[in-house]
Amino acid sequence: MTRRKPIATGSDWNFEALEAYERAIGELAREYRLDTYPNQIEIITSEQMMDAYASVGMPIGYHHWSFGKQFLSVEQAYRRGQMGLAYELVINSDPCIAYLMEENSLMMQVLVIAHACYGHNSFFKGNYLFRAWTDASAIVDYLVFARKYVAKCEERHGVEAVEQLLDACHALQNYGVDRYKRPSPISAEEEVRRQDEREAYLQTQVNRLWSTIPAPASGLVQQPLHDLENDPLGLHRHDRYPSEPQENLLYFLEKNAPLLEPWQREIVRIVRKLAQYFYPQRQTQVMNEGWATFWHYTLMNRLYDDGLIDEGIMLEFLQSHTSVVSQPGFGSPYFNGINPYALGFAMFSDIQRICQAPTDEDREWFPDIAGSDWLETLHFAMHNFKDESFIQQFLSPKVIRDLKLFSLVDDDRDDSLQVEAIHDDRGYRRIREALSVQYALSAREPNIQVWEADIRGDRSLTLRHVQDRRRPLGQSLFPVMRYLHQLWGFPIKLESMEGGEVVRRYQWPIPESTRESA
Amino acid sequence: MSYFIDRRPNARNKSAVNRQRFLQRYRSHIKRAVEESVNRRSITDMERGEKVSIPAKDISEPSFQHGPGGRRTVVSPGNREFAEGDRLRRPSGGGGQGSGEGQAGNQGEGMDEFVFSLSREEFLDFVFDGLELPHLERKELQVLEETRPVRAGISKEGVPARINIVRSMREAQARRIGMRAPLKRALREAQEALEAEERKDPVLRNPARIDELKSEIARLEKRIGSIPFLDTYDLRYNHLTHQPMPSNQAVMFCIMDVSGSMTQAHKDIGKRFFLLLYLFLERNYEKVELVFVRHHTVAKEVDEEEFFYSRETGGTIVSSALTLVDSIIEARYAPEQWNLYVAQASDGDNWDDDSSTCLELLDESLMRKLQYFTYVEITPHAHQALWEAYETVRAAYPERFAMQQIVQAEDIYPVFRELFRQRAKG
């Protein structure tokens, strides 16, 4: 490769230099088969960056105090210098919007272009979760629609009423996703067009469900619950509603909550749709950051090898990169959990190493990929996995050794913690298993589903929580149940199940009789 | 495929609404924090924002989460000394959660306080929240000297600086068209006649007619040529009229007793009170002037420095200050044009028979001119004659006269709030 002249030097940037670098990186990215959405790169000030942070990366959003809280805490952290804003902010949209801060040095701008505009962008376009769950081309329009709709509701029903509703929906937004069913794509146009229709339709659906004289359930006769002795006419015989447990609480509420007004259902729907948009991001943190970091590292090195950046920029880059992927150890005062950048970068780099220079250990552990084409393998990994399965599949003994991972078991039946596995032959598999579970959304968030809506009796809603390794629900349970109660309008019951048995029952509002003791 | 957009000129503060929503929602928390800080910090640095902290649990956004207990496995990096099967004591304390070391970081919590900064404006909003300036009046408009020039259409007279070029040129063009039209018509007729004449057979031509037409054409062309491009009566000027402005100015008279009995501590308290009042007025009026009057047995108008920091000895005659204020008002601040506020701080001492003089002065002259008179008595002791005299004034002008007692610095803010509490409208 002939060394070319650096496009620019020093730390000041200008648009020509950025455009030239963007083109150069784009060419390299094509060489590496990074398939991306078109990039829309926006230069913004640090204040605008704080705004963008506060709206959790949405370019536009409805108004809510929680975003204000987010803004204040970002601002405070930035002022105190605890946080650099620079690194990245990129939105999964088509075109892919990435923000560059004007205060950044030239190196930083180039780095962010490589990291966000080619790393994250190609991940958004390629990863199966994003492909299945989000619709990059529609999101911005949908956000605009959501903002307008919420503003309209505020005008009509008052800011406070809307805020309360949003509070309640936000508390449940992690439970607003169908995990196994691919959702229909969102489209703002469609939403607006069908909105009125839907309002009317939804209401009739709900009305039918809650009508005082329910039509007999045709065909679906369920026998055993029926008590012939006391209820010979079968008046109380009925199927459980819903007939299957529902994991999407917000969807269930939107469709079935008896007392919600149509506009309230619409807002529940908006929160649900946005939760769904963020759902893949929550499950691919390690992969997404690892992928982007791997590519900015590779691309920056290529730029340097080709002579397009000089030593000054390269050194500045290496310093920045090193701090991004640093992983303080367990005992360090800076320890704050596992750094997803560090873990992801280590894993993708290691896959490349396994492909290019496999050891005997690698051949034993990864017979399929050892010695294979690294680019092919890397793309395969990026396309088809999420954090949980990615770790399960690709966490190698070498990465475990390098990071000195160990797993600790905290069992409340035991008075001491136990080191279950460390980075040795006996521990690799167990650590891989444990780390994979640690990133599984199903283990991170309690498994709670709608079990039964008592549509003939007191109209209470019963949820079931299936305990995972005997872990109970945290204290925040009660405020969340209160919100549920606000949405549902009738008592909320929650049962914690362990091995098919109910081990704890919660209820909101707390019944009078137990209030004394509670 | 890629393009750059410079968004820097776009509006900032996209989050301003959300920020306001947050402040609104936690109003009571913030107000408490602001009140504490007002009492704590010296009022000289009221001019900056404030860091406010709210217990994090009060503003948390709940969601379903795992609580402590059960069995959990945490993978952490950086093992140094552990071997498989090692047993560790469960770390105690730390909130008593014992939820495993890796966990705290993952949840991104662990801060007990949510800390953020209020801007100066927001801070002062909270300080003065719920307070109201009594009798904030727009002073009579007719007698006002203060006016503001406003656009009032177009006029034919004016100064060159206000010339309206577009309108002037339009006028000129219209005039030119208008003045030329009959001349041009006559010219065209003359030219046609001339041509017709010249086309005739030379025998039939009338040379006299031709000469006549030629001179007519020349005359017309000259007239057309002499129509000015721009004439003085084309000129149009932007017309400005002077609109009287509602008075939005206030004077604040600070009266302080500097006799021997007033210690530095007393004066500090007084100063803080004056500063609060000044800040408050400043937020309500565009222009606030300050007049400092100090007195012992004689009153004197002084500058701020001298007002607060020089000491005098001797007795106290309050009426001297009131007389001086009255004469300053006479001389410089016509009540029709100024909103007048008097704030007086004293330890309550006064020459025995002077209090009745004060009463008379206030009742007969001063109170009619003033918007509001506030009196703070800085003393832990029993009230004296002055307080009693002022109570009479308060009874006579309950709307415009307020008095309170301050014992120590912490009382200033509550007292201030009490003095300016929003009255029920009616």
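The values are calculated or read from the model by the stated rules, or taken from the named source; none is laboratory data. These numbers come from a predicted model, not from an experiment. Cβ coordinates were reconstructed from backbone atoms using ideal geometry, including for glycine residues, and neighbour counts include every protein chain displayed.
Would you confirm whether or not the range B:171-178 contains a residue that is exposed (fewer than 15 other Cβ atoms within 10 Å of the Cβ) and in contact (Cβ under 8 Å) with a residue 24 or more places away in the chain?
Scanning the range B:171-178 turns up no residue that is exposed (fewer than 15 other Cβ atoms within 10 Å of the Cβ) and in contact (Cβ under 8 Å) with a residue 24 or more places away in the chain.
Entry remark, the range A:480-494: residues being under 23 Å from A:Asp468 (Cβ atoms) and over 26 Å from the mean Cα position of the chain (by Cα) number 2 in total. The residues on offer are A:Phe348, A:Phe335, and the sole one that is touching a residue at least 12 places away in the same chain (Cβ under 8 Å) and of a type in the set (A, V, I, L, M, F, W, C) is A:Phe348. Only a single criterion out of (1) over 30 Å from B:Asp125 (Cβ atoms); (2) modelled with pLDDT under 85 is not satisfied by B:Gln371, namely (1).
Candidates A:Arg426, A:Arg432, A:Arg456: the one that is basic (Lys, Arg), crowded, with 19+ Cβ neighbours inside 10 Å and either farther than 20 Å from A:Gln173 by Cβ or in contact with a Ser or Thr (Cβ under 6 Å, 6 or more places away or on another chain) (or both) is A:Arg432. Got at least one residue in the range A:386-406 being away from every other protein chain (no Cβ under 14 Å), in contact (Cβ under 8 Å) with a residue 12 or more places away in the chain and aliphatic (A, V, I, L, M)? No, every residue in the range A:386-406 fails to be away from every other protein chain (no Cβ under 14 Å), in contact (Cβ under 8 Å) with a residue 12 or more places away in the chain and aliphatic (A, V, I, L, M).
Looking only at residues in the range A:151-166 that are exposed (fewer than 15 other Cβ atoms within 10 Å of the Cβ) and of a type in the set (Asp, Glu), the one that is farthest from B:Arg25 (Cα to Cα) is A:Glu155. Listed by position, the strands (runs of 3 or more DSSP E) enclosed by the range B:209-326 that each have at least 2 residues that are within 27 Å of the chain's Cα centre (by Cα) and surrounded by 15 or more Cβ atoms within 10 Å (Cβ to Cβ) are B:249-257, B:287-295.
In the range A:61-91, what residues are assigned to a helix (DSSP H, G or I), of a type in the set (Lys, Arg) and at pLDDT below 80?
The answer is A:Arg79, and nothing else.
All conditions in (1) without any contact (Cβ under 8 Å) to a residue 24 or more places away in the chain; (2) surrounded by 11 or more Cβ atoms within 10 Å (Cβ to Cβ); (3) part of a loop (DSSP other than H, G, I, E, B); (4) β-branched (Val, Ile, Thr) hold for B:Val203, with the sole exception of (2). I'd like to verify a number: residues in the range A:10-28 that are outside any helix (DSSP H, G or I) and small (Gly, Ala, Ser), how many? Residues in the range A:10-28 being outside any helix (DSSP H, G or I) and small (Gly, Ala, Ser): 2 in total. Looking at A:Val466, A:Val503, just one residue is out of contact with any helix residue (DSSP H, G or I) (no Cβ under 6 Å at 6 or more places or on another chain), in contact (Cβ under 8 Å) with a residue 12 or more places away in the chain, over 20 Å from A:Gly176 (Cα atoms) and within 13 Å of chain B (Cβ to nearest Cβ), and that residue is A:Val503.
For the range A:29-56, how many residues are assigned to a helix (DSSP H, G or I), crowded, with 21+ Cβ neighbours inside 10 Å and more than 11 Å from chain B (Cβ to nearest Cβ)? Residues in the range A:29-56 being assigned to a helix (DSSP H, G or I), crowded, with 21+ Cβ neighbours inside 10 Å and more than 11 Å from chain B (Cβ to nearest Cβ): 0 in total.
Among the residues of the range A:286-294, is any modelled with pLDDT of 85 or more, in a helix (DSSP H, G or I) and under 30 Å from A:Leu494 (Cβ atoms)?
Going through the range A:286-294, the residues modelled with pLDDT of 85 or more turn out to be A:286-294.
Still in the list and also in a helix (DSSP H, G or I): A:286-294.
If we keep only those that are under 30 Å from A:Leu494 (Cβ atoms) too, we end up with none.
Scanning the range A:286-294 turns up no residue that is modelled with pLDDT of 85 or more, in a helix (DSSP H, G or I) and under 30 Å from A:Leu494 (Cβ atoms).
The condition (being in a helix (DSSP H, G or I) and among the basic types (Lys, Arg)) is satisfied by just one residue among A:Arg430, A:Arg426: A:Arg430.
Here B:Val407 passes the criteria (1) at positive phi; (2) surrounded by fewer than 17 Cβ atoms within 10 Å (Cβ to Cβ); (3) not charged (D, E, K, R) except the one numbered (1). A single member of A:Tyr439, A:Tyr483 is more than 7 Å from every other protein chain (Cβ to nearest Cβ), under 29 Å from B:Ala83 (Cα atoms) and not polar (S, T, N, Q), and it is A:Tyr439. Candidates in the range B:52-65 are the residues that are in contact (Cβ under 8 Å) with a residue 12 or more places away in the chain and at the interface with another protein chain (Cβ under 7 Å from one of its Cβ atoms); of these, the one that is farthest from the chain's Cα centre (by Cα) is B:Gln65.
Please tell me if A:Asp94 is more than 7 Å from chain B (Cβ to nearest Cβ), in a loop (DSSP other than H, G, I, E, B), out of contact with any strand residue (DSSP E or B) (no Cβ under 9 Å at 6 or more places or on another chain) and at pLDDT 90 or above.
On the way: more than 7 Å from chain B (Cβ to nearest Cβ): yes; in a loop (DSSP other than H, G, I, E, B): yes; out of contact with any strand residue (DSSP E or B) (no Cβ under 9 Å at 6 or more places or on another chain): yes; at pLDDT 90 or above: no.
Criteria not met by A:Asp94.
Within the range A:338-363, if we keep just the residues that are out of contact with any Pro (no Cβ under 9 Å at 6 or more places or on another chain) and closer than 20 Å to A:Ile422 by Cβ, the residue that is farthest from the other protein chains (Cβ to nearest Cβ) turns out to be A:Asp350. In this entry, A:Ile448 is excluded by the filter for residues that are buried (at least 18 other Cβ atoms within 10 Å of the Cβ), over 26 Å from A:Tyr506 (Cα atoms), at the interface with chain B (Cβ under 9 Å from one of its Cβ atoms) and of a type in the set (A, V, I, L, M, F, W, C).
Name the one entry in A:Met49, A:Met58 that is of a type outside the set (Phe, Trp, Tyr) and either modelled with pLDDT of 85 or more or in contact with a helix residue (DSSP H, G or I) (Cβ under 7 Å, 6 or more places away or on another chain) (or both).
Every option except A:Met58 fails the conditions.
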